[in-house]
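Working notes for the structure below.
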Amino acid sequence: MPSSASDTAPPDLAIVGAGPAGLAAAVTAAGLGLRVTLVDAGERPGGQYYRHPAPGLGAERPEALHHGWSAFAEREAALRAHEEAGRITYLPAHHVWAVVPDGDAWTLHAVAGTGPDEAAAALHARAVLLATGSYERQLPFPGWTLPAVVGAGGAQAMLKSGLVLPGKRVVVAGSGPLLLAVAGSLAAAGARVPAVVEAAAYSAYAGHLPALLRNPGKLGEAATYGSALLRRHIRLLTRHAVTEAHGTDRVEAVTVARLDRDWRPLPGTARRIPCDALAVGHGLVPQLELATGLGCATRPTADGTLALALDAEQRTSVAGIWSAGETGGIGGAQLALLEGEIAAHAIAGRTVPAALARRRARLRAFAAAMGAAHRPGDGWTGWLRDDTDVCRCEEVTAGRIREAVDELGARDARTVKLLTRSGMGWCQGRMCGPAVAALAGDGPAPDRRPLSCPVPLRHLAQLPPADG
Amino acid sequence: MSKRHPLDVVIIGAGVVGAAIAYYAARAGLSVAVVDRGPVAGGTTGAGEGNLLVSDKEAGPELDLALLSAGLWRELAAVLPHEIEYEAKGGLVVAPDEASLGALRDFAEGQRAAGVEAVEAGADQLRELEPHLAPGPVGGFLYPQDAQVQPAQAAARLLAASGASVHLGEEVTGILTGPGGVRGVRTRGGELLAPAVVNAAGTWGGRIAELAGVSLPVLPRRGFVLVTEPLPRVVRHKVYAADYIADVASGSAALQSSAVVEGTPAGPVLIGATRERVGFDRSLSVEALRRLAAQAAALFPFLADARVLRTYHGFRPYLPDHLPAIGPDPRLPGLLHACGHEGAGIGLAPATGVLIAAALTGARPPLSADPFRPARFAADPAG
Ligand SMILES: Cc1cc2nc3c(=O)[nH]c(=O)nc-3n(C[C@H](O)[C@H](O)[C@H](O)COP(=O)(O)OP(=O)(O)OC[C@H]3O[C@@H](n4cnc5c(N)ncnc54)[C@H](O)[C@@H]3O)c2cc1C
Ligand SMILES: Cc1cc2nc3c(=O)[nH]c(=O)nc-3n(C[C@H](O)[C@H](O)[C@H](O)COP(=O)(O)OP(=O)(O)OC[C@H]3O[C@@H](n4cnc5c(N)ncnc54)[C@H](O)[C@@H]3O)c2cc1C
């Protein structure tokens, strides 16, 4: 049942995702006179970055955990004003499972609400902006399925929205700039952080000094984190990785080893660090299934993922479909805001202000430099033992994946999945996809999830029939 | 590329059909190579459901092939690793009304004469066989010979058991010929020389034929499958409504579907598959999903509350008369075809392998391959 007014003409623009990119695009587009529908799976705007603490937690100052909270607060206020004026229809708790062409417009199919209120929704629009963001990249290691091993971004999200700590003594590990932010927030919230274990070397950025110099803001951010860590006596171990988590009921300690340039653990360098939680993440992966389902072209990025191929005005390769934010490559909240504004101008048929375009180019160059530095080295698969689960949903071990590759003729993640069921469970390979592709000796493959989320069969059965 | 010992045959295609041919050709003592541009089961086999059905085939050459295959799959299940998930679960065809039950009865009569076991079940017996079936069907037929394998595993294990030399990630770009006929194939990596080449390229078999200078009108017929969340194992058979049989035999281009519903060992229920001729169109058809879901819920109302976790599609290889092409091509000595199995290639693979092995060695085939003559579509069928 359409939740938008289906008897009037479809709105000019539907935006999927109310994170920094989608939110900025919505308010800018509405300001430029477009009628906009903004759809998001979450309950509140802000996406993965801006998170509201749950009410009643007594957290009066969410801005303490966010850089640039004001940039968000202004846009949220603008969203409410545009909603009031009828220029934006904001639909939270709507998970879009597919976007399909519908004559010269588009239909977005969504699952709306949860529990007993769950309903089917079909929305229509003349243009679509996909601002679906990213999810965390996980590289498995022995013990990663133990309780109290959490995603680094997940730990940050927990802190921001609920002010909940995963433990009292939390090792932060993986790769990417997010680790420093996470360690800083954990420490600020009262946890001890015995070490931040970073697989890359920050010296790798040195090769991209020009990009860094053009982004003093970013440098400042990293410096802030760095000095915060120093103040709190947090050890930063670069070129190191957690190669195993130990414990029975929950994690009790981790093994940390030094890595060579390809992320291969160096023999004789392993040591144990006691802890009661581990926050681990290896960067972010653009969430592309709605776009690839429409046939949008992708490009390989410096961090070893795939992102959408976009032109300077945020167009995808499919006419009428646009994208902004992390779907175009991981680059941070600032860049996402900027790209949302650029897309809104272009969709409204306005000239994109030159200053926006310049800042975008600068931030994208910086993101590429950072991505190259944190790209996982091929040697990480050396952490896996044959009995390590790689796909948690279906409990598929590294040994079975290696058998599929070495003995059964699988050469890519899809065939490994067919032969082992890895990636067939609830998360549909979001968790194990990058790891499985690496074990198959394959590059990253474009997301193939024709359904972006589980859909009640009843919703499908009750869709209006095509031509009678 | 390995040139250790001379090859007897090169098989193009590491789908289930190519894998079964490799298996039976190697067992017949031939030295075999299999070449595929992608991984094993990377074509339509990876999109298939693994139904080994006799129930949906009317009496005729395809049913004979299916019956031969049903026996061969039983033998294979005893020798291949259990990962192929062979399960002789039986099929249950239900009739919504007396008219379709009558039609089903006639259909089953013909099948029985060909050697199919078909047991009529009344409305009450249906409920015993499938307790969660919706009220409504007036009766149906149980087909104990219908079975099931996991297609990608079946292809991979057949190929591994064949001992053939396997060349994956190598696209065939040419068929080498000489005065005596076929000499081998050219791939992006080099040449593989053999006096016989088998075209087991499935939906892309027409292009391989073209490379060899002959024509074979293989076309794609798209199908979607729905996969639910893991559910308690309550669907016991392969269950489908009687109108499915009409769809399979239909040549219509329009979207057709009659959902086959079945539980899997891992828990998800598979609902498939639609049939439509839209070329290699990879876009999502919401209408296909709607029909599958509606039909599945009509058979098993509890499914309406289940979640669909994923959907996938594939392109069945079909020929104008809906029979595969199996056997030597009289237009080019040394070239054999084994493609165009449409929605039954997994089921028909072992029998196809046996027929091709017989053609390669000159042995007597267990049944006549004449109805599957590859040159039957040529303007002047020279053979
Ligand atoms: C777990 C996690 C934690 C992070 N923590 C930090 C941090 O601490 N500091 C930092 O600088 N950066 C952090 N980031 C990165 C930061 O969130 C991004 O740089 C920024 O949010 C990008 O904005 P975006 O608008 O592109 O995407 P997002 O903010 O990711 O927004 C995407 C939105 O789209 C919605 N969505 C996606 N798919 C659908 C669909 N099919 N239907 C409906 N809605 C959909 C999502 O619900 C989400 O609200 C984190 C990222 C992740 C994944
Ligand atoms: C949705 C769906 C459901 C189905 N369900 C069933 C079912 O339940 N039961 C059943 O029996 N059948 C089913 N089928 C049909 C079955 O999947 C096919 O008939 C069967 O897989 C065909 O196998 P094949 O080996 O001939 O082709 P494929 O598996 O497609 O193999 C052909 C191979 O040839 C390779 N190739 C092509 N060109 C070249 C080249 N130039 N060089 C090198 N290699 C090349 C391809 O890469 C491919 O791997 C279904 C099909 C679909 C789409």
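Put simply, of A:ARG385, A:ARG299, A:ARG362 the only residue that is touching a Lys or Arg at 6+ places or on another chain (Cβ under 6 Å) and closer than 26 Å to A:ALA200 by Cβ is A:ARG362.
Looking across region A:308-337 at every residue that is in a strand (DSSP E or B), buried (at least 24 other Cβ atoms within 10 Å of the Cβ) and not aromatic (Phe, Trp, Tyr), the one that is farthest from ligand 2 (Cβ to nearest atom) is identified as A:SER323.
When you look at A:LEU408, is it free of Cβ contacts under 8 Å to residues at least 24 places away in the same chain, within 20 Å of A:GLU289 (Cα to Cα) and either more than 12 Å from every other protein chain (Cβ to nearest Cβ) or buried (at least 21 other Cβ atoms within 10 Å of the Cβ) (or both), yes or no? Against the criterion (free of Cβ contacts under 8 Å to residues at least 24 places away in the same chain, within 20 Å of A:GLU289 (Cα to Cα) and either more than 12 Å from every other protein chain (Cβ to nearest Cβ) or buried (at least 21 other Cβ atoms within 10 Å of the Cβ) (or both)), A:LEU408 does not qualify. Scanning region B:194-219 for residues that are surrounded by 18 or more Cβ atoms within 10 Å (Cβ to Cβ) and free of Cβ contacts under 8 Å to residues at least 24 places away in the same chain yields a single hit, B:GLY206. The strands (runs of 3 or more DSSP E) found entirely in region A:247-307 that carry 2 or more residues being over 27 Å from the mean Cα position of the chain (by Cα) are A:251-258, A:271-274. Only one entry of B:ALA201, B:ALA212 meets the criterion of being near ligand 2 (Cβ under 10 Å from one of its atoms) and under 27 Å from the mean Cα position of the chain (by Cα), and that entry is B:ALA201. Does any residue in region A:453-466 that is more than 7 Å from chain B (Cβ to nearest Cβ) come within less than 9 Å, Cβ to Cβ, of a residue that is in a loop (DSSP other than H, G, I, E, B) six or more places away or on a different chain, and which pairs are these? Final answer for the pair search is A:CYS453/A:ALA41; A:CYS453/A:GLN428; A:HIS459/A:GLU118; A:GLN462/A:MET1.
The set of residues in region B:327-355 being in a loop (DSSP other than H, G, I, E, B) and touching a strand residue (DSSP E or B) at 6+ places or on another chain (Cβ under 8 Å) consists of B:ASP329, B:LEU332, B:PRO333, B:GLY334, B:GLY340, B:HIS341. Of A:ILE273, A:ILE342, A:ILE330, all but one fail to be farther than 29 Å from A:GLU198 by Cα and not hydroxyl-bearing (Ser, Thr, Tyr); the exception is A:ILE342. Of all the listed residues (B:VAL172, B:VAL119, B:VAL138), the sole one being modelled with pLDDT of 95 or more, surrounded by fewer than 20 Cβ atoms within 10 Å (Cβ to Cβ) and either among the acidic types (Asp, Glu) or more than 16 Å from ligand 1 (Cβ to nearest atom) (or both) is B:VAL119.
Residues of region A:411-430 being aliphatic (A, V, I, L, M) and more than 7 Å from chain B (Cβ to nearest Cβ), which ones? Listed by number, the residues that qualify are A:ALA413, A:VAL416, A:MET424.
A count restricted to region A:107-135 and to residues that are away from chain B (no Cβ under 12 Å) and closer than 17 Å to A:THR37 by Cβ stands at 15. Across region A:152-204, the qualifying residues are those that are in contact with a His (Cβ under 6 Å, 6 or more places away or on another chain) and of a type in the set (Gly, Ala, Ser), and the one among them that is farthest from ligand 1 (Cβ to nearest atom) is A:ALA200.
For region A:434-452, enumerate the residues that are at the interface with chain B (Cβ under 8 Å from one of its Cβ atoms) and aliphatic (A, V, I, L, M). Scanning region A:434-452 gives a single hit, A:LEU451. Do we have B:HIS341 as under 17 Å from the mean Cα position of the chain (by Cα), under 13 Å from B:ALA196 (Cα atoms) and buried (at least 19 other Cβ atoms within 10 Å of the Cβ) here? The answer is no for B:HIS341.
Determine, yes or no, whether A:GLU395 is surrounded by fewer than 19 Cβ atoms within 10 Å (Cβ to Cβ), over 21 Å from the mean Cα position of the chain (by Cα), within 14 Å of chain B (Cβ to nearest Cβ) and on the phi < 0 side of the Ramachandran plot. When the stated conditions are applied, A:GLU395 does not pass them.
Only residues that are in a helix (DSSP H, G or I) and in contact (Cβ under 8 Å) with a residue 12 or more places away in the chain were counted in region A:381-405, giving 10. Candidates are the residues of region B:298-331 that are more than 13 Å from A:VAL455 (Cβ to Cβ) and within 12 Å of another protein chain (Cβ to nearest Cβ); the one that is surrounded by the fewest Cβ atoms within 10 Å (Cβ to Cβ) is B:PRO301. Within region B:184-225, the set of residues being part of a helix (DSSP H, G or I) and in contact with a His (Cβ under 9 Å, 6 or more places away or on another chain) comprises B:GLY202, B:GLY205, B:ILE208, B:ALA209. Could we say that A:GLY184 is touching a Phe, Trp or Tyr at 6+ places or on another chain (Cβ under 8 Å), over 19 Å from A:GLY42 (Cβ atoms) and crowded, with 20+ Cβ neighbours inside 10 Å here? Taking the combined requirement at face value, the residue satisfies it. Taking B:SER283, is it away from ligand 2 (no atom under 13 Å from the Cβ), at pLDDT below 95 and of a type in the set (Ser, Thr, Tyr)? For B:SER283, the condition - away from ligand 2 (no atom under 13 Å from the Cβ), at pLDDT below 95 and of a type in the set (Ser, Thr, Tyr) - is met.
The values are calculated or read from the model by the stated rules, or taken from the named source; none is laboratory data. None of the values given here were measured: they were computed from a predicted structure. All Cβ positions, even for glycine, are placed from backbone atoms using ideal geometry, and neighbour counts span all protein chains on display.
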